[in-house]
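For reference, the structure is listed below as structure tokens.
The values are calculated or read from the model by the stated rules, or taken from the named source; none is laboratory data. Just so we're clear, the structure is a prediction, and the values are computed from it rather than from any experiment. Note that we place each Cβ from the backbone using ideal geometry, even for glycine, and neighbour counts take in every protein chain shown.
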Amino acid sequence: MSKKRRVRRRFKRLRGRKNLDLGGLKEALERFFPEFPALLFPAIHAEIDWPKGVQFLDKEFQPNPT
């Protein structure tokens, strides 16, 4: 089975879940958030007003009700 097919199959299984459990991903992003955009998006990181602070929301990974 190709890697692309395995990823699609796994995504289909995850998409059907009501509460998507991403392990510690959300906690890691919250803890290291200033470093995350600096690593991947340095130009955007320079534009953010970091002393103002960042507010994390609780529902980012919840599926949209339809």
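Scanning for something assigned to a helix (DSSP H, G or I), surrounded by 10 or more Cβ atoms within 10 Å (Cβ to Cβ), at pLDDT below 85 and in contact with an Asp or Glu (Cβ under 8 Å, 6 or more places away or on another chain), does region 24-39 turn up at least one residue?
yes
Determine, yes or no, whether Arg9 is of a type outside the set (A, V, I, L, M), at pLDDT 70 or above, surrounded by 10 or more Cβ atoms within 10 Å (Cβ to Cβ) and not in a loop (DSSP other than H, G, I, E, B). Can you show your working first?
Working: of a type outside the set (A, V, I, L, M): yes; at pLDDT 70 or above: yes; surrounded by 10 or more Cβ atoms within 10 Å (Cβ to Cβ): yes; not in a loop (DSSP other than H, G, I, E, B): yes.
So Arg9 fits the description; yes.
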